[in-house]
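First up is the structure itself, then whatever we jot down about it.
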Amino acid sequence: MSPSENIYDILNEYLEVGEDSISLLEEPIDADTQFEYFECSKNQENHLTNDEIISRKDLIFDDSVSNEQKKLLLVQLASISNIEAYRTIEKYLKKPNTKLINWAYLAFLESRLLLESTFLNENKVLITTGLGGKGNKLRYFIVFFTNDGLPITHLQQKIIKSELDYAFCRNEAEIENLFFEDGFAYILTMVPINIPVQQFFNKILIECNEFGDFLFHDFIISNVKILSIEEIRELLAINDIY
């Protein structure tokens with residue numbers, strides 16, 4: 001995805017879906033669990049009929065059934081367009097095994113989208129990221145850092161906050177958290193999917209630098225996880241920035 005592209009335009013171009021046909025994974029779920037779930041969903045060798053899958057639905061509530069077996073049962077239930085399968089997953093999600101909460105939530109979303117696609121006779125697309133989202137917005141973790149590695153001053157903090165507030169207000173984005181520590185500014189944000197996010201934050205950085213050129217010209221952006229201080233420093237070291 002180039003800096004000038006946004007997720008919605010790409011989906012519309014290749015899949016011809018409207019914005020109303022896009023759903024976001026709202027809960028933060030680690031990428032490994034998502035990958036495992038969708039690989040299981042894609043690769044399952046399901047020789048069972050819909051009726052056979054439904055007849056086995058109560059096994060997900062059976063304590064004697066292993067978690068691995070329940071994972072497969074949830075994937076099978078989510079794979080059929082059936083309201084009883086959907087309600088079964090919904091019921092399980094109200095009191096799940098703690099180790100299967102995220103797996104059950106993914107199954108619930110897949111089942112719901114499949115039903116919606118069937119009822120509305122149109123494609124539904126689920127966008128999943130490690131940090132999740134809300135409504136039509138995806139969550140991002142951003143790190144700006146100083147050119148020289150020195151701590152961000154109080155004046156520079158005010159400049160960053162002011163430019164963020166201005167840009168976010170104009171684009172219906174949200175700041176969930178903003179932290180300053182040493183030479184870093186950490187920003188947890190929600191940005192609409194129709195905004196080219198790399199270009200959006202690059203413009204904010206450039207406008208901050210009009211007041212003293214104190215920020216490094218590159219920045220860290222992730223929708224997979226919130227990075228720790230140690231992970232950020234490691235990335236900077238790998239790229240030989242400081």
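Can you find, within region 210-232, the residue that is surrounded by the most Cβ atoms within 10 Å (Cβ to Cβ) among those that are modelled with pLDDT of 90 or more, farther than 19 Å from D30 by Cβ and in contact with a strand residue (DSSP E or B) (Cβ under 8 Å, 6 or more places away or on another chain)?
Looking at residues that are modelled with pLDDT of 90 or more, farther than 19 Å from D30 by Cβ and in contact with a strand residue (DSSP E or B) (Cβ under 8 Å, 6 or more places away or on another chain), I get L215.
Quick check on region 37-70: of everything there that is assigned to a helix (DSSP H, G or I) and among the small types (G, A, S), which residue is nearest to A107 (Cα to Cα)?
Residues of region 37-70 that are assigned to a helix (DSSP H, G or I), as a first pass: 37-43, 50-55, 57-61, 67-70.
Then keep just the ones that are among the small types (G, A, S); that gives 41, 55.
Details: S41: 9, S55: 18 Å.
Looking at the filtered set, the residue picked out is S41.
Quick check on region 102-116. Is at least one of its residues among the small types (G, A, S), in contact with a Leu (Cβ under 6 Å, 6 or more places away or on another chain), outside the structural domain of G212 (by TED's automatic domain parsing) and in contact (Cβ under 8 Å) with a residue 12 or more places away in the chain? Before you say what the answer is, go through the steps one by one.
Going through region 102-116, the residues among the small types (G, A, S) turn out to be 104, 107, 111.
Of the ones still in play, those that are also in contact with a Leu (Cβ under 6 Å, 6 or more places away or on another chain) are 104, 107.
Now narrow it down to the ones that are outside the structural domain of G212 (by TED's automatic domain parsing): 104, 107.
Still in the list and also in contact (Cβ under 8 Å) with a residue 12 or more places away in the chain: 104, 107.
Checked region 102-116: at least one residue is among the small types (G, A, S), in contact with a Leu (Cβ under 6 Å, 6 or more places away or on another chain), outside the structural domain of G212 (by TED's automatic domain parsing) and in contact (Cβ under 8 Å) with a residue 12 or more places away in the chain.
Somewhere in region 188-209, is a residue assigned by TED's automatic domain parsing to the domain that holds L155, in contact (Cβ under 8 Å) with a residue 40 or more places away in the chain, assigned to a loop (DSSP other than H, G, I, E, B) and farther than 24 Å from I29 by Cα?
From region 188-209, those assigned by TED's automatic domain parsing to the domain that holds L155 are 188-209; that's our starting set.
Okay, now just the ones that are also in contact (Cβ under 8 Å) with a residue 40 or more places away in the chain, so 188-199, 201-202, 204-205, 207-208.
Pick out the ones that are also assigned to a loop (DSSP other than H, G, I, E, B) and you get 193-196.
Now drop any that are not farther than 24 Å from I29 by Cα, which leaves none.
Checked against the condition, which is being assigned by TED's automatic domain parsing to the domain that holds L155, in contact (Cβ under 8 Å) with a residue 40 or more places away in the chain, assigned to a loop (DSSP other than H, G, I, E, B) and farther than 24 Å from I29 by Cα, region 188-209 yields no hits at all.
Could you look through region 106-129, keep only residues that are under 15 Å from Y37 (Cβ atoms) and not in a helix (DSSP H, G or I), and pick out the one that is modelled with the lowest pLDDT?
Filtering region 106-129 for residues that are under 15 Å from Y37 (Cβ atoms) and not in a helix (DSSP H, G or I), the one modelled with the lowest pLDDT comes out as L126.
Might you check whether a residue that is over 28 Å from A31 (Cα atoms) and assigned to a helix (DSSP H, G or I) occurs anywhere in region 134-151?
Within region 134-151, not a single residue is over 28 Å from A31 (Cα atoms) and assigned to a helix (DSSP H, G or I).
From the list I160, I220, which residue is out of contact with any Ser or Thr (no Cβ under 6 Å at 6 or more places or on another chain), closer than 22 Å to G130 by Cβ and not assigned by TED's automatic domain parsing to the domain that holds A31? Steps first, answer last, please.
Values: I160 fails: closer than 22 Å to G130 by Cβ.
After applying the criteria, what remains is I220.
Does F179 satisfy the criteria of being outside the structural domain of I80 (by TED's automatic domain parsing), over 17 Å from the mean Cα position of the chain (by Cα) and either within 30 Å of Q76 (Cβ to Cβ) or not in a helix (DSSP H, G or I) (or both)? Outline the logic, then answer.
Numbers: outside the structural domain of I80 (by TED's automatic domain parsing): yes; over 17 Å from the mean Cα position of the chain (by Cα): yes; either within 30 Å of Q76 (Cβ to Cβ) or not in a helix (DSSP H, G or I) (or both): yes.
Yes, satisfied.
The values are calculated or read from the model by the stated rules, or taken from the named source; none is laboratory data. If you're wondering where the values come from, they're calculated on a predicted model, not measured in any experiment. No Cβ is skipped: glycine too gets one built from the backbone with ideal geometry, and neighbour counts run over all protein chains shown.
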